[in-house]
Amino acid sequence: MIYKRSSALFSEAQKVIPGGVNSPVRAFKAVGGDPIFVEKAKGAYLYDVDGNKLIDYINSWGPMILGHAYEPVVNAIIDKSKKGTSFGMPTQIETEIAALAVSMVPNIDKIRFVNSGTEACMSAVRLARGFTGKDKIIKFAGCYHGHSDSFLIQAGSGAVTFGTPNSPGVTAGTAKDTLLADYNNLENVSRLIDENKDEIACIIIEPVAGNMGCIPPAEGFLQGLRQLCDANQILLVFDEVMTGFRLAKGGVQELLGVNADIITFGKVIGGGLPVGAFAAREEIMNHLAPLGPVYQAGTLSGNPLAMAAGLAMLTELNNRPEIFESLAKKTAYLHEGLEKALNENGVSHTINRIGSMISIHFGDTRVINFDTAAKAAAGDPFKKFFHGMLAEGIYIAPSAYETWFLSDALTFEDLDKTIEACRKVSKQL
């Protein structure tokens, strides 16, 4: 495939945008080469500025669960835009989508809309601290909760105690209140709690990790976290920005039967427009201003265009719950085909999958946490695989640390093309 126009546009973008992109992973730093500039998308396909058609497995990093330019969502945006794009005042549609979301998700009474997943997670932690009166939080190495200062913390080597900032601009003072734990390691979490008795406000986690590739929780892990939180008066926060309304109508709470105290949303809840939200039971949410002392605000929160897109998306998912079963079947079919193709060519790998999230990790190590994901991501196999698949018209995330997202617009013919591309590319790995 030819990407002459994309390369020219990237050169122009670098003159006026840092790195030429408005979100770092788009720059192809992890895989090499120039990023692809998209002109349009429809259903399961991307069409770039050079006229190439690509089968899409990132789907705007998750929200396009029903495919690009899904007609009910597009029509809702168009109709709402004709009445005005932003007011900074309450609108009825905010209540409508809030009521629908609360009815779909277990264990929540109230929800507040914000403008991004980062904002949702930042606000959720502030609310947890305000509700409990405690300062420290536990997060997991490899879980990404947006770019708020509290979350840009990495684990050091050996035993982990306090985090250290891994981005300039994050202060040591902020870092000391963020404790790092190993994903899928209850003993590690329990030790951190014991070492910081009565100081931890919340544990925040991607209940299914998607930012170190797809990594499902080990059996009993989330249940163990729930028990630890209950025993130590700690709030459990599920970051369902990726998984909410994607793995099930009620997200991971419904799928795996574990309740969190606060849940954050993004991606699907906005139907492709910039939306985030956080939700909890009434006693927690009533600590937010204007009812309570925990301040959170946003001029564009509840923007009518975003609310219209999100309401149309959630309405479709609520009325057609069979979509989740359809997606899971397609993902299982893809998993089986990729596995067979890689095995035929002797490529060492692990495939992790849950619902409509899937990723290939290269190497012999079973991938269960950030350390094992990093080992799998080392070296050249993923880079070769990415560019090989791209040459075959398959677009996956340009990073070994990102999950693939399937949309229901994908046909089995698309899946077969993807599997055949994998078979061809894996011969070169």
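The residue that is surrounded by the most Cβ atoms within 10 Å (Cβ to Cβ), counting only those in the stretch 322-372 that are over 21 Å from P207 (Cα atoms) and modelled with pLDDT under 95, is G363.
The set of residues in the stretch 193-223 that are under 20 Å from the mean Cα position of the chain (by Cα) and open to solvent by 10 Å² or more (accessible area, probe 1.4 Å) comprises N211, P216, P217, A218. Among the conditions (1) at pLDDT 95 or above; (2) on the phi > 0 side of the Ramachandran plot, the only one that M389 does not satisfy is (2). Give the residue that is farthest from E94 (Cα to Cα), with candidates limited to residues of the stretch 262-283 that are in contact with a Leu (Cβ under 9 Å, 6 or more places away or on another chain) and crowded, with 24+ Cβ neighbours inside 10 Å. If we take residues in the stretch 262-283 being in contact with a Leu (Cβ under 9 Å, 6 or more places away or on another chain) and crowded, with 24+ Cβ neighbours inside 10 Å, then I262 is farthest from E94 (Cα to Cα). Might you let me know whether the stretch 83-95 holds any residue that is within 26 Å of K110 (Cα to Cα), touching a Lys or Arg at 6+ places or on another chain (Cβ under 6 Å) and not hydrophobic (A, V, I, L, M, F, W, C)? No, the stretch 83-95 contains no residue that is within 26 Å of K110 (Cα to Cα), touching a Lys or Arg at 6+ places or on another chain (Cβ under 6 Å) and not hydrophobic (A, V, I, L, M, F, W, C). Looking across the stretch 165-176, the residues that are surrounded by fewer than 20 Cβ atoms within 10 Å (Cβ to Cβ) and not small (G, A, S) come down to P165, N166, P168, T171, T174, K176. What number of residues within the stretch 1-57 are within 22 Å of K383 (Cβ to Cβ) and in contact with a strand residue (DSSP E or B) (Cβ under 7 Å, 6 or more places away or on another chain)? Looking only at that region, the number is 10. Within the stretch 373-393, residues that are among the acidic types (D, E) have Cβ atoms under 6 Å from residues that are at pLDDT below 90 in no pair, counting only partners at least 6 apart in sequence or on another chain.
Let's see how each residue does on (1) buried (at least 19 other Cβ atoms within 10 Å of the Cβ); (2) out of contact with any helix residue (DSSP H, G or I) (no Cβ under 9 Å at 6 or more places or on another chain); (3) of a type in the set (D, E, K, R); (4) over 23 Å from K42 (Cβ atoms):
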residue: K384; (1), (2), (3), (4): no, no, yes, yes
residue: Y395; (1), (2), (3), (4): yes, no, no, no
residue: F405; (1), (2), (3), (4): yes, no, no, no
residue: F412; (1), (2), (3), (4): no, no, no, no
residue: L415; (1), (2), (3), (4): yes, no, no, no
residue: C422; (1), (2), (3), (4): yes, no, no, yes
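Restricting attention to the stretch 16-65, the residues being farther than 20 Å from A400 by Cα and basic (K, R) number 3. Quick check on my filter: what residues within the stretch 399-429 are over 22 Å from I323 (Cα atoms) and acidic (D, E)? Matches in the stretch 399-429: E402, E420.
The single condition among (1) touching a helix residue (DSSP H, G or I) at 6+ places or on another chain (Cβ under 7 Å); (2) open to solvent by 10 Å² or more (accessible area, probe 1.4 Å); (3) under 30 Å from A376 (Cα atoms) that L255 does not meet is (1).
Here is a yes/no grid of residues against (1) open to solvent by less than 20 Å² (accessible area, probe 1.4 Å); (2) over 20 Å from Q296 (Cα atoms):
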| site | (1), (2) |
| --- | --- |
| K53 | no, yes |
| V74 | no, yes |
| D79 | no, yes |
| E94 | no, no |
| L127 | yes, no |
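The values are calculated or read from the model by the stated rules, or taken from the named source; none is laboratory data. A quick note: this is a predicted structure, and the numbers were derived from the prediction, not measured. Please note: Cβ atoms are built from the backbone with ideal geometry, for glycine as well, and neighbour counts cover all protein chains shown. Calculation scope for accessible area: heavy atoms of the full protein, side chains included, ligands and nucleic acids excluded. Shrake-Rupley method; radii C 1.70, N 1.55, O 1.52, S 1.80 Å.
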